[in-house]
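Heads up, the thing below is written out as structure tokens.
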Protein chains: 2
Amino acid sequence: MSSNTATNGSIEHTIDAPTSRRHGHDDDQQAVREIRKLIIDCCRQHGGGHGGSAIGMAPLAVAVWRHTMRYNPRNPAWFDRDRFVLSNGHAAILLYTMLHVTGYSDMTIDQLKLYASAKEVDPETGLWTETLCHGHPEIEVPGVEVTTGPLGQGIANAVGLAIASKHLAATFNRQGHEIVTSRIFCTTGDGCIQEGVAQEAIAIAGHLRLDNLILCYDNNGVTCDGPLDWILSEDTNAKMVAMGWRVIDVFDGDSSVENIIAALRLAQSPTPDAKPTFVNIRTTIGYGTSTAGTFRSHHGTYSDEDAALYAEGISTHTLSKRAKQHFEWCVSSGESLEASWNEKLAKYCEAFPAQGQQLQARIRGDLNFGSLKSLKVRNEIQATRQWNGQVFNKLMSEVPSLMAGGADLWMSNQLGDQSKRIFDRANPQGRVIRYGIREHAMASISNGIAAYSHQTIVPVTATFFMFYLYAAPAVRMGALSGLKVIHIATHDSIAEGQNGPTHQPVELDSLYRAMPSLCYVRPADAEEVIGAWLVALSAKNQPTMISLARDPATTAIPNTDRFKVAKGGYVVVERDDALVTLVSCGSDLQHAVGAAAQLSSSGLPTRVVSMPCIDLFEQQTNSYQDEILSKSRHIISVEPYVSTIWARYCTASVAMDSYGYSGAGPANMTRFGLDASGIVRKVMEHIYHNGKDSSARRWTLLK
Amino acid sequence: MSSNTATNGSIEHTIDAPTSRRHGHDDDQQAVREIRKLIIDCCRQHGGGHGGSAIGMAPLAVAVWRHTMRYNPRNPAWFDRDRFVLSNGHAAILLYTMLHVTGYSDMTIDQLKLYASAKEVDPETGLWTETLCHGHPEIEVPGVEVTTGPLGQGIANAVGLAIASKHLAATFNRQGHEIVTSRIFCTTGDGCIQEGVAQEAIAIAGHLRLDNLILCYDNNGVTCDGPLDWILSEDTNAKMVAMGWRVIDVFDGDSSVENIIAALRLAQSPTPDAKPTFVNIRTTIGYGTSTAGTFRSHHGTYSDEDAALYAEGISTHTLSKRAKQHFEWCVSSGESLEASWNEKLAKYCEAFPAQGQQLQARIRGDLNFGSLKSLKVRNEIQATRQWNGQVFNKLMSEVPSLMAGGADLWMSNQLGDQSKRIFDRANPQGRVIRYGIREHAMASISNGIAAYSHQTIVPVTATFFMFYLYAAPAVRMGALSGLKVIHIATHDSIAEGQNGPTHQPVELDSLYRAMPSLCYVRPADAEEVIGAWLVALSAKNQPTMISLARDPATTAIPNTDRFKVAKGGYVVVERDDALVTLVSCGSDLQHAVGAAAQLSSSGLPTRVVSMPCIDLFEQQTNSYQDEILSKSRHIISVEPYVSTIWARYCTASVAMDSYGYSGAGPANMTRFGLDASGIVRKVMEHIYHNGKDSSARRWTLLK
């Protein structure tokens, strides 16, 4: 069935012994049948669903949820639970079914019945149909650890969860008092594991020796379009071994819960070199059904024959008494696990009161960054990336919840010497991760770290702004999932200079300013850098991106205010008689201020608004917005980006409409007319020639 | 020096024999010294540059450019040249130096002297300083095959070039008449190869058995931030073997040109299973200089001692007579290679006149898609992805230059059964590539295919619109490089339905509409789908993205016109007395048309503009723009995206300000108020309550 059975001598373990009789074995088989039946029921109820992989993984699910994983269905938020990530998120119905059968209170059969429904307005109540059973798992659902669906990212999330657990264990556990013990179980499929982000994350996990991570590969040899061997001919096991993983094979994954349990047990046994474990489980997509083993099984509905296959007289959407009894253990065992842990925690707090208090504060998500409010900064001209480095270093000393990492541009990001804080196998207490040249995995792993427990760790990532385009799918998932991650993006414009247009963002702000629930902030100086961190650290359920410049500012900006950053925009140069308002941010605000002085002295009274965050400005009252932006005829944005969202507020823009150039930063600003004199020239030409533009154009790009 | 010397028994060949005497050996050594000297000179001339890797790779460069690669410096565009890709593009100065020494006419020493200069205005001429020596290689420079810099992508470009060569060879070569023979040489470094896109591309190359591809790994064991073993501990060779590559080791890459030549020769010898070759060359970053072997060597300038190291009395920016003579061979051999090929081509055209004509048309870049202009489409209600599938299939039959590929959603993209056209080892004439679940590599490989020779192949990619966020760094590089690639993006909104917000773009249009030199088109029906293809196929030097809907339209749209798509926007429902203009596109235009009818009959005369491409509309004259958009007080865009760029033209938008939902497509449109009745409600509330909004807000999001 699978095209990926070549093993080339690289396999360390193979679980393939004849299935032995043991207590509960028949119950497991029955459970597998009934889970498959429920999945088929749910894919038939509204004419579709992603049932194939879910059916194939049913034995794995029973092995994980009934026999291996530590969790409490009655308290999905129990801190020391093991975490489960369905990276092949289209198989969501498997996860919902498991949450249902193991006793998660919210996941009722009525919820399952809404899987794949249209979710229209209920004609009786007039209310919109809402459900926990989305097409892909969403983090808001109790028992779902991370939102998955865009393939590959779940594996990286799981790596992040494993890092979080390792780090907290190293930080808080004491001999005989192991209060952080959670392990991470992740499933992946033939498609998911091909994604670059998955490969990056697998490399990092192997390098960091995350032996609390178990990746279960649902190797069914089929993807959406057809058989796997159409698109893959590598020796996956040998590759995983080369990347520092322990590999365990299970060949009868369709039928043997026993052997999967044994593999998972082996996966938890220590290796001398602390490797993460890859369990390669051969399965059949849609096992037993009429489309089994083919791409047709990936998505769709099932025939009456398929429905009868695992039903055995059990009616639709129900479980047998026997199956129910078999899963009752999950609740009782979960409650008892949590109760024991609570006792353990009490003893820990008694034995180590300071650490106990700190841990409990971390679990509550307390962050103490109040000193930022009064932080004094020397009145010097520096690049915002330099100011940011100073603030970051202070915060790293004061806020133990911060866990940062960079994608091999740490020194250019100017985040300081953190060599004593490196997180690695030898020092898991460390709080700075070297992600390598793997931007996408960095952001996705950080989502996983944040998802471990709200604000217990606040992850920080860093690279050049341009390379957040590599990381964009993960930044998006963090925003969609409401995960508190702080992204530090330096070299944020054509002023980056010599590297040239490949490294110079001109359109990337348009993505991040449009992305819902992401706060994109471009501070202009030290005050605003502090303000940006106040915004980022105060955010409850969203990521923040702090966008920073490479080059030192040359002009001091008056009236900047760390506390006004939270307003999104505010006046830094006021004039009651203004004909022009220049709106700018980041390292460009200095040029706007310089230009305003020249324009004012040339007879065009000009005021200046600092707008570090459009998103926050949009949340202000109408009267506040009016006060900031309605006092002049011309409202002109100044920023070396392709101006899109600015047209909401501005009559015109001094902006880019092309890619940048490989030249010195200041020369580039002059080349594209974005320094003070370029701004003055463009604004004057616009005002003295106004009216020539198309009347259709409510906004004008100044050239 | 390198942390990556463990080989685990996976190496097939090792080139490590004692260097033998042979003709030219001393000349090679001298050439290496002088190339290193030139690099150091160029990094000293303006106080910086990326010299370290370039110095380390000098022996490799001599082996490739003086002894292995087939090219003609006097005609960089010679069709059958071998292609060279510097995927670790920061080492650009190495490439510029090689173009200079081998005799590319444009790459004068005066050009090299501008490397890393500020590129300001020349005070004497008043003109901006321009140069070919950018911080990273840019495709416009003769001899540079692709723009590189964002790491990992160059490897994927090289895979694309290799596919193009394989495909054209299979299509045109005849026994005894091998007129397409180009091989692809690509270099990568310790950072470049870690990127997910590189790993995806390597997997594809191994799977497709591209034995015309040689990837040279500059294994210097150092990245920007420090030693490689900080971030990588895998067995790279074993991994490459597992991924289907032949691996050849060279351990004395700092000094032995001979052994690298031998490795490259071996790499060109056939293997029974047609594997691509990975040459793992151990080098020292900044070899010989004071920072050699450390991250400090990555970027910066060099001391006087470093400058003296390889100078031996040769003055700055010059080559010895001996070195010049050694490289004279490159021009003479190149001219002779091209002359022989021209003879070969003439014989080919004589022997196979039809194929000869076709090949020459392909080399000229002739595309014949004229039948599109008169293509009849049945007057049915279908989804735009379905119409697109019909057009695509017709084009595939008629335009042999089209070479398409999908990322495992081919059937959902509805591009039809192409099983007889699959490109693989058995059928390299095939024109449909199965890229697997590797979106980023798909787009980046397509850039390489397009870069092989302008319009000789026009690559087409396909996946869901949302997953073009995974591919975004490559789409950007295609736009920046002016490469003609056509991206087919289906499932382009919340109307996608059940998969939920992870699969539903709401902000991605903001990126692509802001991206310079990318044409983003959202056609509304069959007419406009044809119009979109006319735009895409007529484009000279830019990629196009055609954005398509999943669900069948339910309303026919009047007056759509394939030829007006090229105008960007045009009127589909006119009213001289209009108070409101609704502007929309894609599958949302039907809802705007429906809403306009209701609004007009309710006393708010409403006209409708179809705006499939904002980019093209912006290129129209003022008077045309006025005619389309200035005839009503309210101009309101209708689109289920976060509205950013629309504010340039519109007073208000019916739009999204959040992520989508997992529900049926039509239910989602109703849920978010984006169907006809939702539009009517929002527009009426806006008009009857107008004036309540902030006066600062020149544009209003209707709720």
Chain B: relative contact order as a whole-number percent, Cα under 8 Å and 6+ apart: 12 percent
Across region B:410-515, how large is the tail of the calculated P(r) beyond 23 Å, expressed as a percent of all Cα pairs? 30 percent
Could you name the residue in chain A with the C-beta closest to the rotation axis that superposes chain A on chain B, along with the separation in whole Å? A:Gly196, 1
Nearest 5 percent is fine: what portion of the DSSP beta bridges confined to chain A is antiparallel? 10 percent
Can you run phi through the Karplus equation (6.51, -1.76, 1.60; θ = phi - 60°) for region B:575-584 and list ³J(HN,Hα) in whole Hz, with x for Gly and Pro? 8, 5, 9, 5, 9, 10, 10, 9, 10, 8
For region A:292-358, accessible area per residue (1.4 Å probe, heavy atoms of protein chains only), Å²: 58 Å²
Farthest toward positive dipole pole in region B:209-255 [+1 Lys/Arg, -1 Asp/Glu at C-beta], among B:Met240, B:Gly221, B:Leu210: B:Leu210
Size of electric dipole in region A:370-547: Cβ of Lys, Arg +1 and of Asp, Glu -1, about Cα centre, debye, nearest 20: 580 debye
Would you please report the Å³ per residue occupied by the convex hull of the alpha carbon atoms in region A:13-336? 141 Å³
Given 20 °C and 1.002 mPa s, how large is the Stokes-Einstein diffusion coefficient of region A:370-547 in µm²/s, with Rh as the Kirkwood radius over Cα pairs? 133 µm²/s
Helix-only mean residue ellipticity at 222 nm for chain B, each DSSP H run of n ≥ 4 adding -39500 (n - 2.57), per residue, nearest 500: -11000 deg cm²/dmol
Most to least accessible of A:Glu124, B:Glu496, A:Glu335 (protein chains only, probe 1.4 Å): A:Glu124, A:Glu335, B:Glu496
Using a label point 7 angstrom from Cα along Cα-to-C-beta, what distances in nm, from shortest up, separate A:Arg322 from the other copies? 8.8
For region B:320-392, the Debye formula with one identical point scatterer on each Cα and no solvent gives log10 I(q)/I(0) at q = 0.11, 0.19, 0.25, 0.28 Å⁻¹ as -0.61, -0.89, -1.09, -1.18
Based on the Cβ-Cβ distance from B:Ser290 to A:Ala361, what FRET efficiency comes out when R0 is 56 Å, to the nearest 0.05? 0.70
If you take the alpha carbon radius of gyration of the protein assembly as shown and divide it by 2.2 N^0.38 Å, what ratio comes out, to two decimals? 0.90
At B:Glu398, label 7 Å along Cα→Cβ: distances to the other copies, nm, ascending? 6.9
Looking only at other chains, what is the average number of their beta-carbon atoms within 10 angstrom of each beta-carbon in B:114-121? 5
Greater than 22 Å separation of Cα atoms is the criterion. Which listed pairs, B:Lys37/B:Lys113; B:Lys275/B:Lys420; B:Lys239/B:Lys275; A:Lys376/A:Lys631; A:Lys37/A:Lys321; B:Lys347/B:Lys394, meet it? B:Lys275/B:Lys420; A:Lys376/A:Lys631; B:Lys347/B:Lys394
Looking at region A:455-518, what % of the alpha carbon pairs are farther apart than 18 Å? 37 percent
Per residue of B:142-152, count partner chain C-beta atoms within 10 Å of its C-beta, then hand back the mean as an integer. 3
Going residue by residue through region B:352-358, the Karplus relation 6.51 cos²θ - 1.76 cosθ + 1.60 with θ = phi - 60° gives ³J(HN,Hα) values, rounded to whole Hz and with x marking Gly or Pro, of 10, x, 5, 4, x, 4, 5
Rounded to the nearest 5, the percent of DSSP beta bridges in the protein assembly as shown running antiparallel is 10 percent
With label points built 7 Å along Cα→Cβ from the Cα atoms of B:Asn342 and A:Thr318, find their separation and express it in nm. 8.7 nm
Residue order for B:His317, B:His491 - accessible surface, 1.4 angstrom probe, largest first: B:His317, B:His491
Using label points projected 7 Å from each Cα along Cα→Cβ, tell me how many nm separate B:Trp329 and A:Thr271, to one decimal. 4.8 nm
With each label point set 7 Å from Cα along the Cα-Cβ vector, what nm distance links B:Ile381 and A:Asn368? 6.5 nm
Taking Cα atoms only, Rg over Rh for region A:535-636 with Rh from the Kirkwood formula is 0.99
Name the residues of region B:507-524, by number, that are at least 50 Å² less accessible with every protein chain in place than in the isolated chain; the surface is that of heavy atoms, probe 1.4 Å, without ligands or nucleic acids. B:Glu507, B:Leu511, B:Ala514, B:Pro516
Once ligands and nucleic acids are excluded and a 1.4 Å probe is used, how much of B:Tyr348 is accessible, expressed in Å² to the nearest 10? 0 Å²
Show me the ranking of peptides B:155-163, A:657-665, A:515-523, B:469-477 by mean Cβ neighbours inside 10 Å, starting with the highest. B:155-163, B:469-477, A:515-523, A:657-665
For a label point 7 Å from the Cα of B:Glu120 along Cα→C-beta, name the residues of region A:579-601 whose backbone N is under 19 Å from it. A:591
Taking only Cα atoms of region A:564-702, the Rg to Rh ratio with Kirkwood Rh works out at 0.95
Mind putting together the pair-distance distribution for region B:242-401? All Cα pairs, 10 Å bins, whole percent per bin, short to long. 8, 15, 19, 21, 17, 13, 6, 1
Within the P(r) computed for region B:342-433, what percentage of the Cα pairs occupies the region above 22 Å? 45 percent
Which three extents, in whole angstrom, do the alpha-carbon atoms of chain A cover along their principal axes, largest first? 92, 59, 53
Average beta-carbon neighbours from other chains, 10 Å sphere, peptide A:220-227: 4
In debye, nearest 20: dipole of chain B around its Cα centre with unit charges on the Cβ of K, R (+) and D, E (-)? 1580 debye
With r as the distance between the Cβ atoms of B:Arg633 and B:Ala170 and R0 = 35 Å, compute the FRET efficiency 1/(1 + (r/R0)^6) and round to 0.05. 0.05
Label-to-label distances across copies for A:Asp657, with labels 7 Å out along Cα→Cβ, in nm, shortest first? 3.0
Placing one equal point scatterer on each C-alpha of region A:209-322 and summing with Debye, one gets log10 I(q)/I(0) at q = 0.14, 0.20, 0.23 Å⁻¹ equal to -0.74, -1.09, -1.22
Dipole in debye (nearest 20) - the protein assembly as shown, about Cα centre, beta carbon charges: Lys, Arg +1; Asp, Glu -1: 800 debye
Could you order A:Arg364, A:Arg575, A:Arg378 by accessible surface area, starting with the largest, using a probe radius of 1.4 Å? A:Arg364, A:Arg378, A:Arg575
When all protein chains stay in place, what accessible area (Å², nearest 10, 1.4 Å probe) is found for A:Cys613? 0 Å²
Could you order peptides A:50-61, A:165-176 by the average number of other Cβ atoms within 10 Å of their residues, highest first? A:50-61, A:165-176
Rg from C-alpha atoms of region A:593-656, normalised by the globular rule of thumb 2.2 N^0.38 Å, equals 1.15
Tell me, what is the 1.4 Å probe accessible area of B:Arg183, in Å² to the nearest 10? 40 Å²
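The values are calculated or read from the model by the stated rules, or taken from the named source; none is laboratory data. None of these values were measured; they are calculated from a predicted model. For neighbour counting, all protein chains shown are included, and Cβ atoms are generated from backbone atoms with ideal geometry for every residue, glycine included. Calculation scope for accessible area: heavy atoms of the full protein, side chains included, ligands and nucleic acids excluded. Shrake-Rupley method; radii C 1.70, N 1.55, O 1.52, S 1.80 Å.
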